[in-house]
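See structure below.
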Amino acid sequence: MNGESIKIVLRRYGKTQTAIAKIIGESPQNLGSMLDARDVKSSLVERIAAALNISIGELYGETDLPISSASASGQSAAIVGNGNNLNANEARLLGLLEEKDRQISRQQAQITKLLDMLAAR
């Protein structure tokens, strides 16, 4: 996640960098420098999400949809539960991998059936 995205979320929640810096125990200057980085460290993202009292998925701008309904509807989703948050891209990729696993299983069953037919000749 880039710092600019976090700054947008802070504005959306009506929080200043100074206020968040105070909550997470950083100086406003240090927080500003960290948010100017090209890629903000995940530990900082987690601390900011906690300071805003939101999930990491919400900080990424995602909704908390279960992956099954997200995959079925073609929407992006964040999986939230048991302390595990996946962003929308990870959830989408997980759904694609699950579908590929199902396709492989079907193809393996077809191959087994064909081999059985050949062996019966």
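The table below lists the values:
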{"read-out": "Residue list for segment 25-46, restricted to those being part of a helix (DSSP H, G or I) and surrounded by 15 or more Cβ atoms within 10 Å (Cβ to Cβ)", "value": "Leu31, Gly32, Met34, Leu35, Leu44, Val45"}
{"read-out": "Top-ranked residue of segment 1-54 - restricted to ones that are basic (Lys, Arg) and within 24 Å of the chain's Cα centre (by Cα), ranked as modelled with the lowest pLDDT", "value": "Arg38"}
{"read-out": "Condition met for Val80 (closer than 29 Å to Leu96 by Cα and modelled with pLDDT of 90 or more)", "value": "no"}
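The values are calculated or read from the model by the stated rules, or taken from the named source; none is laboratory data. For clarity, every value in this text was computed on a predicted model and none was experimentally measured. Note: ideal-geometry Cβ built from the backbone for every residue, glycine included; neighbour counts use all protein chains shown.
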